[in-house]
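Contents: one structure, followed by commentary.
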């Protein structure tokens, strides 16, 4: 077993589109001895948690996600104590989801985010146009991580600068000695956007802006690895690529879940297998 996988810390959150199951394929594509790790679409941070770099920038446009990570980093025991006392019932889930968050303190907001995430349908994050989380409760509720897990997660997060900003602003920080991993939400111009990852998140109109930002970061000497749909290959000529098979898990029924092709793109040759 890859030593990084054996020693990895699991994410605190479930996250639709997470690359956790693909870590055995992704980690060998990452160079050893990273000086600084940068991830502009943080999500569940599974790659960061597997790598445990000494320095990192983790960013996401989802301010609720980043605020939750900041609060767990500062107060892991308090967040665990709050979320672990919440009852695992339909009525409580929908009551908590409906209650406004504006008057809650930071620990209560983080506990709410973790509870709804662990108990919602497939770890999906979706909001309406007003920014209100509206995912229904799942039939298979996730287990709340242990207090020790919260503490370990907080310790690792203290190595990272956490920022709620657009990916382009984060990529402007990347240069020589930086390794950048990106896993943007898939954009699909033929599908109606329903608020997945929040309104204002990455969409089809952002693709060219992403490619331009990657090319600029490449010119500054950053090492880049991108997970995305194969159709972007034409926008990244001369980049190296690998195909991976991914079983999508966000469809409502097992028979609707399919294996699709995803690709890894790098601006440098992939490390040779030993």
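The values are calculated or read from the model by the stated rules, or taken from the named source; none is laboratory data. Bear in mind that the values here come from a model prediction, so they are computed numbers and not experimental data. Ideal geometry is used to build each Cβ from the backbone, glycine not excepted, and the neighbour counts take in all protein chains shown.
For region 24-42, the tally of residues that are in contact with a strand residue (DSSP E or B) (Cβ under 6 Å, 6 or more places away or on another chain) and farther than 17 Å from residue 264 by Cβ stands at 2.
Scanning region 126-142 for residues that are closer than 11 Å to residue 94 by Cβ and in contact (Cβ under 8 Å) with a residue 40 or more places away in the chain gives 134, 137. Yes or no: region 121-132 includes at least one residue that is part of a helix (DSSP H, G or I), buried (at least 21 other Cβ atoms within 10 Å of the Cβ) and modelled with pLDDT of 95 or more. No, because not a single residue in region 121-132 is part of a helix (DSSP H, G or I), buried (at least 21 other Cβ atoms within 10 Å of the Cβ) and modelled with pLDDT of 95 or more. Evaluated against (1) more than 15 Å from residue 161 (Cβ to Cβ); (2) at pLDDT 95 or above; (3) assigned to a loop (DSSP other than H, G, I, E, B), residue 49 falls short on exactly one condition, (3). Restricting attention to region 82-100, the residues that are touching a residue at least 12 places away in the same chain (Cβ under 8 Å) and closer than 24 Å to residue 44 by Cα total 9.
Scanning region 141-152 for residues that are farther than 28 Å from residue 54 by Cα and exposed (fewer than 14 other Cβ atoms within 10 Å of the Cβ) turns up at least one hit. So, residue 43, is that one buried (at least 19 other Cβ atoms within 10 Å of the Cβ), modelled with pLDDT under 95 and over 25 Å from residue 177 (Cα atoms) or not? It is false that residue 43 is buried (at least 19 other Cβ atoms within 10 Å of the Cβ), modelled with pLDDT under 95 and over 25 Å from residue 177 (Cα atoms).
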